[in-house]
1. Can you find a residue that is more than 17 Å from residue 175 (Cβ to Cβ), touching a helix residue (DSSP H, G or I) at 6+ places or on another chain (Cβ under 6 Å) and modelled with pLDDT under 80 anywhere in region 63-80?
2. For region 270-295, which residues satisfy the criterion of being within 25 Å of residue 112 (Cα to Cα) and out of contact with any strand residue (DSSP E or B) (no Cβ under 8 Å at 6 or more places or on another chain)?
3. Search region 48-73 for residues being without any contact (Cβ under 8 Å) to a residue 12 or more places away in the chain and in a loop (DSSP other than H, G, I, E, B), and hand back the single one that is surrounded by the most Cβ atoms within 10 Å (Cβ to Cβ).
4. Please identify the pairs in which a residue from region 233-244 that is buried (at least 16 other Cβ atoms within 10 Å of the Cβ) has its Cβ atom under 7 Å from the Cβ atom of a residue that is at pLDDT 95 or above and assigned to a loop (DSSP other than H, G, I, E, B), counting only partners at least 6 apart or on another chain.
5. Looking at (1) in contact with a helix residue (DSSP H, G or I) (Cβ under 7 Å, 6 or more places away or on another chain); (2) under 19 Å from residue 214 (Cβ atoms), which is the one condition that is false for residue 279?
6. Given the condition touching a strand residue (DSSP E or B) at 6+ places or on another chain (Cβ under 6 Å) and without any contact (Cβ under 8 Å) to a residue 60 or more places away in the chain, answer yes or no: does some residue in region 80-87 qualify?
7. Modelled with pLDDT of 95 or more, surrounded by 12 or more Cβ atoms within 10 Å (Cβ to Cβ) and farther than 25 Å from residue 112 by Cα: is that true of residue 205 in this structure?
């Protein structure tokens, strides 16, 4: 049994209601969004993202077939090989770490969603087949959007490229329909991030500290800010102690008021400004879909 993995970056066409400020929706201004798709090969240990397609024709066929499926549905796609060549020619890569390389290419693409496709070649006496496991995630948060398994069926052929195409075709329609619904929900209700707020070991503050100018407990002021700045006031406080507050499923918009991609980094900057207005010094760190704020 031979396995290889592909990652695809795809979006789903839908209607986006533009944001007011950086997190509020304006009902009077509606625009159609056509996000981009980019198919990226997944690299296993010992493989190089920059050369992974050169020596495996079946990977190239499967990658091309997935991209073709999206093209046929009217989505805008970006050619991975062309982006990779551009990055290499312009010496953009700053690391040989494969995760870093992938992240840099994804950032260049401006994609909204990535799909990890695991393609497995199965050889048996009764025929050969290919299975494809496709798992979709929102690019900036890593939240799961869609998971489907496609099978080529068994055939007496060694043309695994053709079998890979059949496997992709068998699952693409249902996969994209689920993705469409989930991505529409993101547009309407925002995408979900987590926020972890804690205190430095030598900090003189805690959640019950009354902070000017409101002279209210810090925990209350944070919640009031979340009410006004989370997308459509959607957020959930998982728990609060005197030394920590954890918020899960805090919603932020897909796009900002200018139509540019909005992400956890931008929301963290707004939080930094909020704490600065309270004369509180903070450190911020972002890992995946979680913002870590440390109050000094």
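1. Yes, that holds for at least one residue.
2. Of everything in region 270-295, those that are within 25 Å of residue 112 (Cα to Cα) and out of contact with any strand residue (DSSP E or B) (no Cβ under 8 Å at 6 or more places or on another chain) turn out to be 270, 287, 288.
3. Filtering region 48-73 for residues that are without any contact (Cβ under 8 Å) to a residue 12 or more places away in the chain and in a loop (DSSP other than H, G, I, E, B), the one surrounded by the most Cβ atoms within 10 Å (Cβ to Cβ) comes out as 52.
4. These pairs meet every condition: 240/207.
5. (1)
6. There is at least one residue in region 80-87 that is touching a strand residue (DSSP E or B) at 6+ places or on another chain (Cβ under 6 Å) and without any contact (Cβ under 8 Å) to a residue 60 or more places away in the chain.
7. Here the answer is yes, as residue 205 does meet what is asked.
The values are calculated or read from the model by the stated rules, or taken from the named source; none is laboratory data. These numbers come from a predicted model, not from an experiment. For neighbour counting, all protein chains shown are included, and Cβ atoms are generated from backbone atoms with ideal geometry for every residue, glycine included.
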